[in-house]
1. Looking at the chain, how many pairs of lysines come closer than 20 Å at the Cα, when each pair is eight or more places apart or spans two chains?
2. Explain nothing, just compute: Karplus ³J(HN,Hα) = 6.51 cos²θ - 1.76 cosθ + 1.60, θ = phi - 60°, for every residue of the range 18-30 in order, whole Hz, x for Gly and Pro.
3. Could you work out the relative contact order of the chain? I mean the mean sequence separation of Cα pairs under 8 Å and 6+ apart, divided by the number of residues, in percent.
4. For L61, what is the net charge nearby, where nearby means another residue's Cβ is under 15 Å from its Cβ and Lys, Arg count +1, Asp, Glu -1?
5. Let's test the formula: R0 of 22 Å, r as the Cβ-Cβ distance of R99 and N67. What FRET efficiency results, to the nearest 0.05?
6. Taking 7 Å along the Cα-to-C-beta vector as the label spot, tell me the E14-E89 distance in nanometres, rounded to one decimal.
7. Using the alpha-carbon atoms, what tilt in degrees (0 to 90, nearest 10) does helix 43-52 show relative to the longest principal axis of the chain?
8. Express the Stokes-Einstein translational diffusion coefficient of the chain in µm² s⁻¹, to the nearest whole number, given a Kirkwood radius over alpha-carbon pairs, 37 °C and a viscosity of 0.692 mPa s.
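Every number in this text was worked out from the coordinates using simple rules, so none of it is lab data. Here the structure is a predicted model, which means the values were calculated and not measured. Don't worry about glycine lacking a Cβ; one is built from the backbone with ideal geometry, like all the others, and counts go over all protein chains shown.
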Amino acid sequence: MGEEIAFSATDQVEINPLYMFRWEEAQDAYVLLYPEGIVKLNETAGEILHHCSESESVGDLIEKMKNHYAASDPATAEKVEDGVYKFLEVSHAKGWIRRKT
């Protein structure tokens, strides 16, 4: 749906307006709704996309995720950071998110 893109800590991202992101009680998960269907997100993916709308930058988003998943473990914090960047790249390629302009 799009080319793979590298994000930096200063970039800002948002959910593509073609998708509706919300908590779905029946699914017990965050979901992305679009005209052709629904994407049920796992816990981590849901948290990342949830914070996309609240964070001022990718760096801010990563810090929130580190605090949530790896508050006191530097090795885990590095894995969290790498995982967030990879998820953002995949999400961008799928068209779920876009860079704010």
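1. Counting lysine pairs in the chain gives 9.
2. Result, rounded to whole Hz: 6, 10, 10, 9, 6, 7, 10, 4, 4, 8, 6, 6, 6.
3. Contact order relative to length: 40 percent.
4. -4
5. E(calc), rounded to 0.05, equals 0.40.
6. Each label point is offset 7 Å from its Cα along the Cβ direction, giving 2.5 nm.
7. So the helix axis and the longest Cα principal axis differ by about 90 degrees.
8. 237
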